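Below is one structure, written out as structure tokens; comments come after it.
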Amino acid sequence: MTQEISAIYPGSFDPVTNGHLDIVERGRSIFDRVVVAVSVNQDKNPLFTIEERIEMLRDVTRQWDNVEIDQFDGLLVDYATSRGASVILRGIRAVTDFDYEFQMALMNRRLAGSIETVFLVPAEAYEYLSSSLVKEVASLGGTVSGLLPLLVEELLSAKLEALTDADKEL
């Protein structure tokens, strides 16, 4: 009897990018189950609400039966343990990501030695891509076509337009 291996893929996903989906798709082919865990962390000052981010993720991962969307707050290892996961899945884009992610992986190992961190490098087309960069480019009128699922691109455009309209009213 083999044991199911579940992975937690945590992040803010504000908004979810094609780079995130690349990691989810490849993670789901390696692990029996991938839980995409949206962080409630308000320190990041998200553009989208937690509910909007969860709904976006559900919409763009609906075709994968071994992918779940959830939210978490607090220590990631506590959440992973509560979900029965033995792996934390992380994407690494560059050396600067590695330094931070390496520190986090070591701390997580110290807190919960039974949970392993697995790093995946995104597809070459997405190795520079971040949600923050996408939001910045879009807010300045640049095109983000091909960097986000079409649904997410439309939601980002609408959100930024609503913010611009609200600013005009002030």
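The values are calculated or read from the model by the stated rules, or taken from the named source; none is laboratory data. Just so you know, these numbers come straight off a predicted model, no measurement behind them. Note that we place each Cβ from the backbone using ideal geometry, even for glycine, and neighbour counts take in every protein chain shown.
The table below gives the values:
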| quantity | calculated |
| --- | --- |
| Test result for T2, within 21 Å of K135 (Cβ to Cβ) and hydroxyl-bearing (S, T, Y) | no |
| Selection from the range 84-104 of residues that are among the hydrophobic types (A, V, I, L, M, F, W, C) and more than 17 Å from G27 (Cα to Cα) | A94, V95, F98, F102, M104 |
| Qualifying residues in the range 128-145 (those that are surrounded by 12 or more Cβ atoms within 10 Å (Cβ to Cβ) and within 21 Å of T61 (Cβ to Cβ)) - the one farthest from the chain's Cα centre (by Cα) | V144 |
| Residue in the range 75-95 that is nearest to A123 (Cα to Cα), counting only those that are assigned to a loop (DSSP other than H, G, I, E, B) and basic (K, R) | R93 |
| Single residue of the range 27-61 satisfying the filter (among the polar types (S, T, N, Q), part of a helix (DSSP H, G or I) and farther than 16 Å from P149 by Cα) that is modelled with the lowest pLDDT | Q42 |
| Identity of the residue in the range 105-119, surrounded by 15 or more Cβ atoms within 10 Å (Cβ to Cβ) and in contact with a Ser or Thr (Cβ under 8 Å, 6 or more places away or on another chain), that ends up farthest from H20 (Cα to Cα) | A112 |
